[in-house]
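Worksheet for the structure shown next.
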Amino acid sequence: MKRVARRLVGIVLLLYAAASIVFLMLHLIPGDPAAVMLGDGASREDIEALRHQLGLDRPLSTQYVAWTGRLLKGDLGSSFATATPVTDEILRAFPATLELALIAFAFSLLIAIPTGVLAALRSGRLDDHALRWIALSGVSTPSYVSGPLLALVFAVSLEWFPVSGREGPGSAVLPALTLVISVSSLLSRMVRATVGEELGRPYVLAARARGENRWMAALRHAGRNALTPFLTVAGLQFGSLLTGAVLTETIFSWPGVGRLLIQSIQRRDYPMVQGCVLLIAAVYILVNSAADVLSAFFDPRPASREGTH
Amino acid sequence: MKRALRVAARRPALFVSLGFLLFVFASAVLSLLLPRDWVFSIDLARRLLPPSPSEFLGTDELGRSLLYRLFFGSSVSLGVAAAAVAVSSIAGSCAGLIAAEMRGIIDSAVERTVQLTLAFPGLLLAMALAAVLGPSVGNTVIALSITGWVPYARLARAEAMRLASRDYVAFARASGCSRARILIKHLLPGAAPSLIVQSALHLAGAILAESALSFLGLGVPAPYPSWGSMLAAGRTHLLDAPHLVIVPAAAIVLTVLAANTAGEELLETISGRGRTAGKGSG
């Protein structure tokens, strides 16, 4: 119980630290943020008015306290471009990002687990080598390479799926496939490494000696113990799916948080940039913490070790 | 030399990937000698030409030779990536080694900073920083290094912690070696193999990250060609000139694949040696 409480406090502190970094972001802009936002040709009065509106004319500590207070109420300011509240716009874009990430993650797991276990069982054989090369090529192919090429083949030449946008069930296929290529490759490599390590352990040998076949031994015994390290990496990967979605959403004009972030950067809409970065970072922290808690649930070993200290 | 040849014979993939990286780095350095006109001068009459014997890789949307752009782009992409690897590896290794040697407050300060940096997805932090600082070569290196140092620090710290209890380090300490000397002469060489593997894998990641930033318009600004920005510019001509996408895409994938393969093969070479040593002692 104490451990859970300590972890929760840790998560809250981490979220707060992330929020503070996002706050400081605005103050990293070289020169006057108000002048940078308004661009060249802005009048002195306009700049002063914006400085006042943003509270930039007040001391940094006052601004920080005020920002924290508004953040707790869920108020992230309003967009410069559309004048709508940042929170509203981000929450409107988030379901699209989540949909894409969940589809991509589910298919990545469906591909990564069987191929990873197969590669571990056939370690050193031809099929293991082939799978490793495919996975390494997948890891080396970023979404801004696979995305346009997939669009060229499946949207432009074959016209099976739309080139961009989020209309109809077919529209998610190409952006999801783009994400699946790199994420499934990474996860498959991870499964191969963790399961492979467990397969060499004496208890797997014992299970095989009792007459279990290789697949059963791999799944029932090695698979269970490989689950803990796998969960941690899977959590990290799901988090980076959200960042990867920035590129994929931009390529396929998918109306999610990632595209909103890039559009806001281009428009110098800094409150919106802050909001998007904060949301992605918060989801990333929460997913990784959830993966930690889950792996502690499946494998109590690290917990008991911590208890003896 | 003989040993290097033996390793090369046993690991052809390592040999080929290192050779390819060497070739790309050499062409990146040589490309700096190209006349700037060949890379930058615009000729709209010759725009979007397909690859042909006279124009080897065709021309881009402004009539510039794609071959020379790709060639010069290698110096931009690899230069930024290599600079980020250099800054990250030096800063990270120093932080990790010093944390392990000094322990106490310095160690926990490094550990906290590592934890905080890991709380952000790396590319997101780089994008946010590049967006705020503005696109430039220097800012791209900063944005990539701000997260890049973390794995080096963790590796160096773990290796130095492991070695610190060894007899030879205790002997050096007892015979009056200074802390700096122990760090450089006794702990750093032990940590070096895993740091070298990490820097090969990091090079792959840094090329990908630089290309991602430039693809989004947050990295190296025009008119300098980076493989990422060439890809972004070519994307609008996917229909009429697909070579504008395929050529820089191939350059990115092949170079990253070579760096990843080199890192992986080096890791296996090292851990293979470690395993036999472990067997011998057990």
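Quick notes
- Taking chain B as a Gaussian network of alpha-carbon nodes connected by springs under 10 Å, the highest mean-square fluctuation of the residues B:191, B:160, B:45 belongs to B:45.
- Selected from A:168, A:144, A:182, residue furthest toward positive end of dipole (chain A; charges at beta carbon): A:182
- Pairwise centroid distance, computed over Cα atoms, of region A:201-215 with region B:152-171, Å: 37
- Degrees between helix B:188-215 axis and first principal axis of chain B (Cα, 0 to 90, nearest 10): 20
- Tail beyond 28 Å, pair distance distribution of chain A (Cα, percent): 53
- HN-Hα J in Hz across region B:223-229 - Karplus 6.51, -1.76, 1.60, θ = phi - 60°, x for Gly and Pro: x, 5, x, 10, 4, x, 6
- Exposure proxy for B:127, B:161, A:190: other Cβ atoms within 10 Å of each Cβ, ordered fewest to most, give B:161, A:190, B:127.
- Entry for region B:74-268 at q = 0.17 Å⁻¹: log10 I(q)/I(0) = -1.06, Debye formula applied to identical alpha-carbon scatterers, no solvent contribution.
- Taking each residue as 0.36 nm, the span from residue B:44 to residue B:178 lengthens on full extension beyond its C-alpha to C-alpha distance by 41.7 nm.
- Note on chain B: with a GNM built from Cα contacts shorter than 10 Å, the maximum mean-square fluctuation among B:78, B:33, B:129 falls on B:33.
- Amide H contacts under 5 Å for residue B:59, placed H, 5+ residues apart: B:48, B:49, B:66
- Span from the region B:48-91 Cα centroid across to the region A:136-171 one, whole angstrom: 24
- As a proxy for reagent exposure, ranking B:270, B:182, A:265 by other Cβ atoms within 10 Å from fewest up yields B:270, B:182, A:265.
- Between region B:173-226 and region A:95-134, the alpha-carbon center distance in angstrom: 29
- For the peptide A:19-26, the mean number of other protein chain Cβ atoms found within 10 angstrom of a residue's Cβ is 2.
- Two-decimal log10 I(q)/I(0) for the protein assembly as shown, as the Debye equation yields it once each C-alpha is a single scatterer, q = 0.08, 0.11 Å⁻¹: -0.63, -1.21
- Gaussian network model of chain B, springs between alpha carbon atoms under 10 Å - residue of B:201, B:244, B:30 with greatest fluctuation: B:30
- Rounded to the nearest 10 degrees, the angle from helix A:270-298 to the longest Cα principal axis of chain A is 30 degrees.
Rule-based calculations on the coordinates, nothing more; no lab input. Since this is a predicted model, take the numbers as computed values, not measurements. For neighbour counting, all protein chains shown are included, and Cβ atoms are generated from backbone atoms with ideal geometry for every residue, glycine included.
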